[in-house]
Every structure is written in structure tokens, then in C-alpha cells.
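Below: the structure, in C-alpha cells.
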Amino acid sequence: MRPVRDHVRVVVHGRGAGSGRAGVRGLLWVTAELAVTVGVVVLLLVVHQVWWTNRLAAASAERQVAALQRGWAGGGWGGESGSGSGSGSGLGPGPGSSGGSAGESASSGSGSGLPLPLPSGAGSGGSAGEPGPSSAYGVLRIPRLGVAVPIAQGVDKRTVLDKGYAGHYPGTAQPGAEGNFALAGHRNTHGEPFRYINRLRAGDKLTVEVQGRTFAYVVRKTLAETSERDVGVIAPVPRSTVRPEYGFGEPGAYITLTTCTPEYSSKYRLVVWGTLVR
């Protein structure tokens, strides 16, 4: 009788094709999770930049308009002064101001409404009786667009434009005066007060209120697109240096609104000109 021998089978588990596929699936899953996470973060940043900053800046600007009107009733400037030199965004302040020379180029950052460089022929700024840098001191009203925006001294991005204000280019004329009262404002984000100024047409009204006085302007011309360095559009007698067929040829009392174009870009500038109603 033969003895019964037990046969032991040894199974060796190797790394086959199925294991390789599982590894690839795991890698793809991790990659997909990372992509979704990055997408959510980017979406939140866009919502914050496009929606939340608009709400904050618009509310702040509305409060400032009310504060200015209360202040005028009490005989003062009425605005809240901010900090900053008015030379933000890489922009040189006007002659008579410290911190740089006129004609420095503006920053090419991604924010809308970045200002233009100042023309070398701009008049002196910071004269007696003017508000301090970054101070809100007036209100621009654009009836066609339903806009009422505070005007602040200077074009500093952080302390003026990002608050939803219109910034007064240092060295350009004051409201109602001979010369060019030139303003910059955001077209997108941070209150975007100048978003729809491309809709303005010749004959539309613009009013500027300062210390209870109202200066009325009428839109005359629009320049749909020009270079970010076209300093001529905010000169005392405004005329584009890039497209000289656009602008004026005689001294007068002008108002200029500048913002970026196309929307959500700072590649070019959109310009609206008006003249004081006598």
C-alpha cells in the first residue's frame, strides 16, 4: 500500500496587467481631484474679484456720496481723506507733486480702468484749496447710465480706483475751470463706475458737484480705442496723439472720462470728452 502524499500548491501573486490598470486609475483619480479643487479655487477667486469687490466698492461709493452731501450742507469738503500719493499703478504724479516726474507710464496690470500717463504739459496740481491726495471731494453724475460716483483726488489704484471712485488726474483742471478736468475709473470690478460709458452719445449730460456747486457738461466726442500711453487725450486741449483726427483744437473747459477697453482687459483705453455748458 502506497502512502498518500499531500500535495501543497504554492500560489505566487505577481504584478499583472490588472494591478497596472488599478495604478493608472488611481493616478487619474488623484489628478481629477486636484483639477476639481483648482477649478473651485479659481471660481471662488473670480466670484470674489468680479462680484464681491463690486458689491463692496459700490456700497462704499454710495456711502461716500451721501457723506459728501452731508459735508457740503455743513460747509466743508464732506469727503473722507485716504492715504496714498495718487501715483499708484506706476503712474507719475502731476507737476508740483512729489514722487516722480510727469509723463511716467502707467502700469500694464490686469485691473480695468488703470489711468493714463500724465502729459508733460499738464498744469500744476495741489494748489491751495484743493483736497489732499486720495480725498473724495466731488460727485460725478451720468444720468443716462444712472451713475453717481465720488470723485477723489489722484488716480492711485488701491486708495482711489479700487474703492469704486472716479480718480482726478493730478495736474489737470478742476471742475468748471478752463482746461481739461480728466477722470479715470474702473470698467470692470471694484464698483465698475465707467463700465458703460461706451454707451454715451453726443448731447448726453454729465454733472459734477463740488461743495454744493454743480457744473454741467455735455458729451461731445468719443474715442472708442486708443493706446494706454496716449497722453494727448487728457492734455489741457485734448487731442489724441495716436489718432489725431480725434480731439479738439481750441482752448476750452473740457471733461474727459477714461477707462480700459475691451472689457476685462487693460490693453487699450476708451475716452469720452465733454465741454462745459456756459
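Take L140 and decide whether it is outside any loop (DSSP other than H, G, I, E, B), within 26 Å of A73 (Cβ to Cβ) and out of contact with any Leu (no Cβ under 6 Å at 6 or more places or on another chain).
Yes, satisfied.
Answer yes or no: is there a residue in the stretch 233-247 that is among the hydroxyl-bearing types (S, T, Y), assigned to a loop (DSSP other than H, G, I, E, B), closer than 24 Å to L68 by Cβ and touching a residue at least 24 places away in the same chain (Cβ under 8 Å).
no
Go over the candidates L145, L140 one by one and state the one that is surrounded by fewer than 24 Cβ atoms within 10 Å (Cβ to Cβ) and either over 9 Å from the mean Cα position of the chain (by Cα) or of a type outside the set (V, I, T) (or both).
None of the other options fit; the residue is L145.
Out of curiosity, is H186 free of Cβ contacts under 8 Å to residues at least 60 places away in the same chain, buried (at least 24 other Cβ atoms within 10 Å of the Cβ), under 18 Å from the mean Cα position of the chain (by Cα) and closer than 16 Å to V271 by Cβ?
no
Scan the stretch 168-209 for residues that are among the basic types (K, R) and either touching a strand residue (DSSP E or B) at 6+ places or on another chain (Cβ under 8 Å) or assigned to a loop (DSSP other than H, G, I, E, B) (or both) and jot them down.
Within the stretch 168-209, R187, R195, R201, K205 meet the criteria.
Here's the yes/no breakdown for (1) under 14 Å from A182 (Cβ atoms); (2) at pLDDT below 95:
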site: P117; (1), (2): yes, yes
site: P133; (1), (2): no, yes
site: V139; (1), (2): no, no
site: I151; (1), (2): yes, no
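Do we have any residue at all in the stretch 148-167 that's in a strand (DSSP E or B) and either farther than 21 Å from L56 by Cβ or among the aromatic types (F, W, Y) (or both)?
Yes, the conditions are met somewhere in the stretch 148-167.
What are the residues in the stretch 228-278 that are of a type in the set (K, R), buried (at least 16 other Cβ atoms within 10 Å of the Cβ) and under 21 Å from F181 (Cβ atoms), if any?
Selection gives R239, R269.
Hey, among E209, E263, E250, which residue is of a type outside the set (S, T, Y) and at pLDDT below 95?
Exactly one residue qualifies, and that residue is E263.
The values are calculated or read from the model by the stated rules, or taken from the named source; none is laboratory data. As the structure is a prediction and not an experimental result, all values here were calculated from the model. Note that each Cβ is placed from the backbone with ideal geometry, even for glycine, and that neighbours are counted across all protein chains shown.
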